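S.K.: The structure follows.
Where a number appears in this text, it was derived from the coordinates with a stated rule and is not lab data. Since the structure is predicted, the reported quantities are computational estimates derived from the model, not experimental observations. Positions of Cβ are backbone-derived with ideal geometry, glycine not excepted, and every protein chain shown enters the neighbour counts.
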Amino acid sequence: MNKSDSCLMEISMNRNGFHLSPEPDTADIVIFNTCSVRNHAENRAIARMKSARGLPGGRDKLVICAGCMAQRIGKELIANGTADIAAGPYQSPRIGEFVAAWLTDHRKRTFLSQEIADFSDRINEDRALERDPADWHEWVTITHGCENFCSYCIVPHVRGKLISVSSGKILSYIRDLTARGVTEITLLGQNVNQYGMDCGEIPFFRLLEKTASIEGLNRINFLTSHPKDFSNDIISVIKDHRTISRAIHLPLQSGSDRILTLMNRGYLMKDYRGIIDVIAAELDDFSLSTDLIVGFPGETVDEYRETLRAVETLQFDEAYTYAYSPRSGTAAFDLPETITPDEKRDRLAELIEVQRNISRTKLEGRIDRTEEMIIEAISKKSSRDVVGKTFLNHPVVLPGVPEDIGKIIRVRITGLKGATLYGERTA
Ligand code: SAM
Ligand code: SF4
């Protein structure tokens, strides 16, 4: 979502006469697009804002804090001089206007909230016109905000309530993109499966189906799904359309029913397993990734072990694992923390190790298979190799040339090194 917001900021800045600096350290204006999900991310962003000020000429730089942190603690950052402008995530498409006004008018430190009255649409049709024609992929925001209020999560507090973009606008935007050479899109939202529930729009599976009927798309991804809203209709639509990615990201968060309930996730382990059973029965090939949190307040060793067991039985291809980080303003913030930082670190390290071995075994299982992949870039390690991802989102390296970038090819997987598959082109 932040990558997508950064693209909108770039358009808005360009349109107001600013240009991307090739060298961030010498830029006159520095925009930090921030995340508030964990404390660590916020601390790093603050350190980087401060170090931008500390560079030669740094006092004269215009430092802007954008994104969720601006919404959460923007007033503080303005008051203590860390940032000159703090602009919440809804302001991304208008950031250039604010910067231009700041430079011409008052040069007074400014905080811009994201009240609904300030809402600016995150689908910008001009993005289709102004994008780099060589780039074949585009983010498409279909919902803003989130109303799920998972008890640990700051997102609903900083990004506001669920707002679905109209399906007419989304589909015509995607058609414009394909007319300009886009062949891969990612539909974005905090919980895309809730698309339309705020306004009587078509449900997510219909939007996915309509998107898949647009000519010219090689691959359609969607992020993020939520187990409580992941219906069988979605699986049927995926099954019927080869262009919809079979890489399913379905955050589990915990393997313990008690912790899932405390997290306010709205499903239990049996529900999650039920979804995976349907996916496995319906799709001939798929990959599964997830998000997991360890060390939620009150999580016992046995409950943590339930998460390990879930990982072992569900066999995720990939898991994004986090130590619980208390966020002020969330419901879980009021729960007493019972797990020490060292215990959280140990649980996380063990979980990562267990998952790493599973990921490796899953990747080994791809060797000798023939898969479709989209080539994304020249390899950083060798200019004679290209890298890309298969339809299951597995990274593959193979011999290639710059002209291959953006192309869809068939590849036979020949080996595995670290977490990367190696392959060769095949008919
Ligand atoms: N809306 C998406 C979802 O529900 O999965 C993404 C939300 S969040 C930006 C991405 C992941 O960060 C979550 O799935 C969760 O695992 C993790 N996360 C959120 N809040 C957290 C916290 N307070 N401490 C640790 N991890 C957290
Ligand atoms: Fe946060 Fe839950 Fe919403 Fe995801 S679904 S953004 S974890 S509140």
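S.K.: Hey, fewest Cβ within 10 Å first, where do M373, M13, M1 land in order? Don't skip to the answer; put the middle values down first.
M.R.: Details: M373 27, M13 19, M1 22.
Starting with the residue having the fewest Cβ neighbours, the order is M13, M1, M373.
S.K.: Would you please state the base-10 log of I(q)/I(0) at q = 0.16 1/Å for the stretch 315-420, with intensities from the Debye formula using one equal scatterer on every alpha carbon?
M.R.: -0.78
S.K.: If you don't mind, there's one more thing I want to ask. Where nothing but the Cβ of Lys and Arg (+1) and of Asp and Glu (-1) is charged, how large is the charge dipole of the stretch 370-425 around its Cα centre, in debye to the nearest 20?
M.R.: Around 160 debye, computed over the stretch 370-425.
S.K.: Pairs of alpha-carbon atoms within less than 8 angstrom and 6+ residues apart define the contacts here; what relative contact order does the chain have, in percent?
M.R.: That works out to 10 percent.
S.K.: Based on a Kirkwood Rh over C-alpha pairs, give the Stokes-Einstein translational diffusion coefficient of the stretch 118-363 at 4 °C and viscosity 1.567 mPa s in µm²/s. Could you put the intermediate results ahead of the total?
M.R.: Numbers: Rh = 19.3 Å.
Here the translational diffusion coefficient equals 67 µm²/s.
S.K.: If you don't mind, there's one more thing I want to ask. Could I get the Rg over Rh figure for the stretch 2-115? Both from C-alpha atoms, Rh via Kirkwood, rounded to two places.
M.R.: That ratio equals 0.92.
S.K.: Amide H of V386: which non-local residues (sequence gap of 5 or more, or other chain) have their own amide H closer than 5 Å, using H built in the peptide plane?
M.R.: Here the answer is S379, L398, G400, since their amide H atoms fall under 5 Å of that of V386.
S.K.: Give, in whole angstrom and from largest to smallest, the semi-axes √(5λ) of the equivalent ellipsoid of the chain, with λ running over the eigenvalues of the Cα gyration tensor.
M.R.: 34, 29, 23
S.K.: When 1/r is averaged over all different Cα pairs and the result inverted, which Kirkwood radius in Å belongs to the stretch 266-353?
M.R.: Result for the stretch 266-353, one decimal place: 14.5 Å.
S.K.: A further question follows. Treating only the Cβ of Lys, Arg, Asp and Glu as charged (+1, +1, -1, -1), what charge dipole size does the stretch 313-427 show about its Cα centre? Round to the nearest 20 debye.
M.R.: 460 debye
S.K.: Put +1 on the Cβ of every Lys and Arg and -1 on every Asp and Glu Cβ in the stretch 209-257; which of A212, Q253, S231 then has its Cα farthest towards the positive end of the dipole?
M.R.: A212
S.K.: Listed here are the pairs K169/K389; K50/K344; K50/K75; K381/K417; K210/K239; K3/K161; which of them are more than 18 Å apart at the Cα?
M.R.: Over 18 Å apart, Cα to Cα: K169/K389; K50/K344; K3/K161.
S.K.: Could you let me know the centre-to-centre spacing of the stretch 252-304 and the stretch 153-224, using Cα atoms, in angstrom?
M.R.: For the stretch 252-304 versus the stretch 153-224, the Cα centre distance is 25 Å.
S.K.: So if I place +1 on the C-beta of Lys and Arg and -1 on the C-beta of Asp and Glu, and nothing else carries charge, what would the dipole magnitude of the stretch 151-297 be about its Cα centre? I want it in debye, nearest 20. Show your work: numbers first, answer last.
M.R.: Numbers: 16 positive and 16 negative charges, 70 e Å.
It comes to approximately 340 debye.
S.K.: So how far apart, in nm, are the two label points at D284 and E215 if each is 7 Å from Cα heading toward Cβ?
M.R.: Calculated label separation equals 2.7 nm.
S.K.: Next question. Looking at T338, N33, L187, which one has the Cα that reaches farthest to the positive end of the dipole of the chain (charges on Cβ: Lys, Arg +1; Asp, Glu -1)?
M.R.: Checking the options against the dipole of the chain, the answer is N33.
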